[in-house]
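Worksheet: one structure, shown below.
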There are 2 protein chains.
Amino acid sequence: MDDKDRLLLSLLRRDARRSLVALARDLGLSRSATQERLAKLQDSGVITGFTVVEGAAERRSTAHLLIRLAPGRHCAQLVPRVKTIPAVVQIHSVAGAIDLIVRVEGDGVAPLEQARAAIAAIDGIAEVSTFIVLDHHLG
Amino acid sequence: MDDKDRLLLSLLRRDARRSLVALARDLGLSRSATQERLAKLQDSGVITGFTVVEGAAERRSTAHLLIRLAPGRHCAQLVPRVKTIPAVVQIHSVAGAIDLIVRVEGDGVAPLEQARAAIAAIDGIAEVSTFIVLDHHLG
DNA sequence: CGCCCGCACCGGCGTTTTGCCGGTCGGACC
DNA sequence: GGTCCGACCGGCAAAACGCCGGTGCGGGCG
């Protein structure tokens, strides 16, 4: 983690979709060296992913779904299906009476209800409890 | 802003550096149509930029606490107390059989148990169910 | 009805970027 | 000296990108 790494990181913070060529130019390194550094930052866990900065977040509607799987089903099979639903922004598999906690967001409650229906319809999902978020005190 | 746009957005939230070709495949559109949609999302200000998810997430232990308040208590009184606990990273008040969903993170399970105890001890909190996160599939 | 316009989409082109790999240089160590 | 190792460079084939002309379809309008 030297100055070049820190500079690379800060360039990516500003625009994570820039090409390696452009990043390399700003870093004063060759493209392939930049590529290696980026790979190491990811492997070492300094960078875990890249995401979107959303505009003027008009607070969107949020809900939590607590999901119980049918006996003998594992999340590995179901999670990929859940991921394809656009409203889903968070998926955690948990230990206990519940198997999955999913957070969904949308523009009003209709998309949430729709997402809930889509998830409930997936084969292997036994039960879905919905909790509409009334207020975001944190996160 | 239709379903395709929303799906595109959610794909980018998960990995903002994916190629347009890969995004187009998941969207079921041609690459150039995907490119146009992305451009419009940016022009219209829905997407203002792309950034790095940093390794503050050297995957720490996470749990969700589902909290029921004592009859007659309101979250407004209790949430400030909950906020003072450092392990707490997310607080949502929700409608239904549960009143609060709290996400806690810490370095191993011990801090989580400690946070749970601290929350359970707050006057006005009737019941706390703990769900340790086994796997982060998203978020 | 027929026409035209706007919009979203497709496909193809030349160019740029990427993934990959062999090769060079300098420092540490025996 | 010799060797190993890490960081870097450069080049090639393959993939992705930017751009633009062309198509299909629904909506206004004479």
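The values are calculated or read from the model by the stated rules, or taken from the named source; none is laboratory data. Everything numeric here is computed off the predicted structure, so don't read it as measured data. Cβ placement follows ideal geometry from the backbone for every residue including glycine, while neighbour counts extend to all protein chains displayed. Heads up: the accessible areas ignore ligands, DNA and RNA and are worked out on the full protein's heavy atoms, side chains in. Shrake-Rupley method; radii C 1.70, N 1.55, O 1.52, S 1.80 Å.
Points worth noting:
- Relative contact order (%) - criterion: Cα under 8 Å, at least six apart; region: region A:61-132: 48
- The 1.4 Å probe gives accessible areas that order A:Leu29, A:Leu11, largest first, as A:Leu29, A:Leu11.
- Cβ neighbours within 10 Å from other chains - mean over B:86-92: 4
- Building the convex hull from the alpha-carbon atoms of chain A and averaging its projection over directions returns 11.2 nm².
- Surface listing: A:Arg25, B:Arg14, A:Arg31 arranged by accessible area from highest to lowest gives A:Arg25, A:Arg31, B:Arg14, probe 1.4 Å.
- MRE, 222 nm, helices only [DSSP H, n ≥ 4, -39500 (n - 2.57), over chain B, to nearest 500]: -11500 deg cm²/dmol
- Counting only protein heavy atoms and using a 1.4 Å probe, the accessible area of A:Ser44 comes to about 80 Å².
- Other-copy label distances relative to A:Ile132, 7 angstrom Cα-Cβ extension, nm: 3.5
- Direction-averaged projected area, Cα convex hull, region B:3-43: 2.4 nm², rounded to one decimal.
- Chain B: relative contact order in percent, alpha carbon pairs under 8 Å with at least 6 residues between: 24
- Partner chain coverage, peptide A:126-134 - average Cβ within 10 angstrom: 4
- Over region A:91-139, accessible surface divided per residue gives 42 Å², non-protein components excluded, 1.4 Å probe.
- Counting, for every residue in A:7-13, the Cβ atoms of other protein chains within 10 Å of its Cβ and taking the mean gives 2.
- Drop in accessible area of at least 50 Å² in the complex versus isolated chain, residues of region B:15-47, 1.4 Å probe: B:Arg17
- The A-B contact accounts for roughly 4700 square angstrom of buried accessible surface, both chains included, probe 1.4 angstrom.
- Working value for region B:24-63: equivalent-ellipsoid semi-axes of 30, 15, 8 Å, each the square root of 5 times a Cα gyration tensor eigenvalue, largest first.
- When a 1.4 Å probe is rolled over the protein heavy atoms, the share of accessible surface on the protein assembly as shown that falls to carbon and sulfur comes to 51 percent.
- Convex hull per residue volume in Å³, alpha carbons only, for region A:61-132: 72
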